[in-house]
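Heads up: the structure comes next, in structure tokens.
Derivation of every value follows stated rules applied to the coordinates shown; laboratory data play no part. Fair warning: this is a prediction, and the values are worked out from it, not measured in the lab.
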Amino acid sequence: MEDSFMNLYPVTDPVACRRDKEKLLNQHAVAIWIYGLSGAGKSTIGLGFEKEITELGFMCRLLDGDEMRTGISNNLGFTLEDRHENIRRLAEVNRLFLNTGIITVNCFVSPTRQIRDMAKSIIGTDDFVDVFISTPLEVCEKRDTKGLYKRAREKQIPNFTGITSPFEIPEKCDLEINTQSMKVEECVKILVDYVLPKITLKK
Ligand code: ADP
């Protein structure tokens, strides 16, 4: 570590601070990490989840890839190195939310196991809920909600996940949702049912 950083000490105890905030909000904070191909359904499910649990009285913040890339990561591209740095920053942002007692729902492609492992190690295994949206490439490409697959096939977009940049399927995950033949509401319900016991504060 550089000498200039050696005298930096946190001003508060983040764990004690977090427990107090969680009590105040009457919830246990976790980071829900939703990943998969573009068009798989991450944002749609993330938004539905945020809406449902807000109505149930929980404080949750959705973090979406597109929003982050126009702000905190607006100097990064889509090489694997930049994707790594993007996720590192977003995982650190998650830590800030978790230490404020706030549940996060993250919708990021997070294409490689190494990238997801890094996010998990920054956030902490116990607080990380790993949700793979396993909608197949053919279905995502057919949806092509943002027209990106067409442009990637026409070579107008370099390093596009699933076409010219890799996506590694996880060996294991906490929850897998394939949106191919389910309604949005059903997918959201699966996620809400899975997460509810984890965010409910034990008395
Ligand atoms: P991503 O965030 O993964 O890029 P989006 O949520 O932006 O994907 O887009 C997914 C598209 O698929 C939306 O147009 C959505 O309406 C559609 N879709 C169809 N069925 C489902 C489902 N069961 N869950 C989520 N999205 C679905």
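Work out from phi, with θ = phi - 60° and the Karplus expression 6.51 cos²θ - 1.76 cosθ + 1.60, the ³J(HN,Hα) of each residue of the stretch 55-69, listed in order in whole Hz, and give x for Gly and Pro.
3J(HN,Hα) across the stretch 55-69, in whole Hz: 5, 7, x, 9, 9, 9, 10, 7, 10, 10, x, 5, 5, 5, 6.
Can you give the calculated 222 nm mean residue ellipticity of the chain, where each DSSP H run of n ≥ 4 adds -39,500 (n - 2.57) and the sum is split over every residue, rounded to the nearest 500 deg cm²/dmol?
Dividing the helical sum by the residues of the chain leaves -13500 deg cm²/dmol.
Apply the Karplus curve 6.51 cos²θ - 1.76 cosθ + 1.60, θ = phi - 60°, to the phi angles in the stretch 72-86 and return the couplings in whole Hz, x for Gly and Pro.
Once θ is set to phi - 60°, the couplings for the stretch 72-86 become 4, 10, 6, 9, 10, x, 10, 5, 4, 5, 5, 4, 4, 5, 4 Hz.
Taking 37 °C and 0.692 mPa s as the conditions, I'd like the Stokes-Einstein D for the stretch 125-165 in µm²/s, using the Kirkwood hydrodynamic radius from alpha carbon pairs.
Value of D from the Cα-based Kirkwood radius: 279 µm²/s.
In a GNM of the chain with a 10 Å cut-off on Cα contacts, which of Ile72, Ile45, Ile32 has the highest mean-square fluctuation?
Greatest mean-square fluctuation among the candidates belongs to Ile72.
Given Lys23/Lys172; Lys23/Lys51; Lys21/Lys120; Lys21/Lys198, which pairs have Cα atoms separated by over 25 Å?
Among Lys23/Lys172; Lys23/Lys51; Lys21/Lys120; Lys21/Lys198, the Cα-Cα distance tops 25 Å for Lys23/Lys172.
Under the rule of at least 5 residues apart or a separate chain, name every residue whose amide H is placed under 5 Å from the amide H of Ile177.
Counting only residues 5 or more places away or on other chains, the set is Phe132, Ile133, Ser134.
Once amide H atoms are placed 1.01 Å from N in the peptide plane, what residues at a sequence separation of 5 or more from His28, or on another chain, have their amide H within under 5 Å of its amide H?
When sequence neighbours closer than 5 places are left aside, the close amide H contacts are Thr200, Leu201.
For the stretch 36-110, what does the equivalent ellipsoid look like in terms of its semi-axes, each the square root of 5 times an eigenvalue of the Cα gyration tensor, given largest first in whole Å?
23, 15, 9
Can you give me the convex hull volume of the Cα atoms of the stretch 34-73, divided per residue and expressed in Å³?
Once divided by residue count, the hull of the stretch 34-73 is 72 Å³.
Search the structure for amide H atoms under 5 Å from the amide H of Phe160, placed 1.01 Å from N in the peptide plane, and list their residues when 5 or more places away or on another chain.
Ser165
I want to verify the translational diffusion coefficient of the stretch 106-203 in µm²/s; compute it with Stokes-Einstein, Rh as the Kirkwood radius over Cα pairs, at 20 °C and 1.002 mPa s.
My calculation gives 139 µm²/s for D.
Taking the 0 to 90 degree range and rounding to the nearest ten, how far is the long axis of helix 184-199 tilted relative to the main principal axis of the chain, both from C-alpha atoms?
So the inclination is approximately 20 degrees.
Pick from Met118, Met182, Met68: which residue has the top mean-square fluctuation in a GNM of the chain where Cα pairs under 10 Å get a spring?
Met182
With springs only between Cα atoms under 10 Å, which of Gly36, Gly71, Gly48 fluctuates most in a Gaussian network model of the chain?
Comparing Gly36, Gly71, Gly48 in the GNM, the peak value goes to Gly71.
Hey, what's the Kirkwood Rh for the chain if you take every pair of different alpha carbons, in angstrom?
Kirkwood radius, the chain: 17.9 Å.
Explain nothing, just the number: relative contact order of the chain, from Cα pairs under 8 Å at least 6 residues apart, as a whole percent.
It comes to 33 percent, rounded to a whole number.
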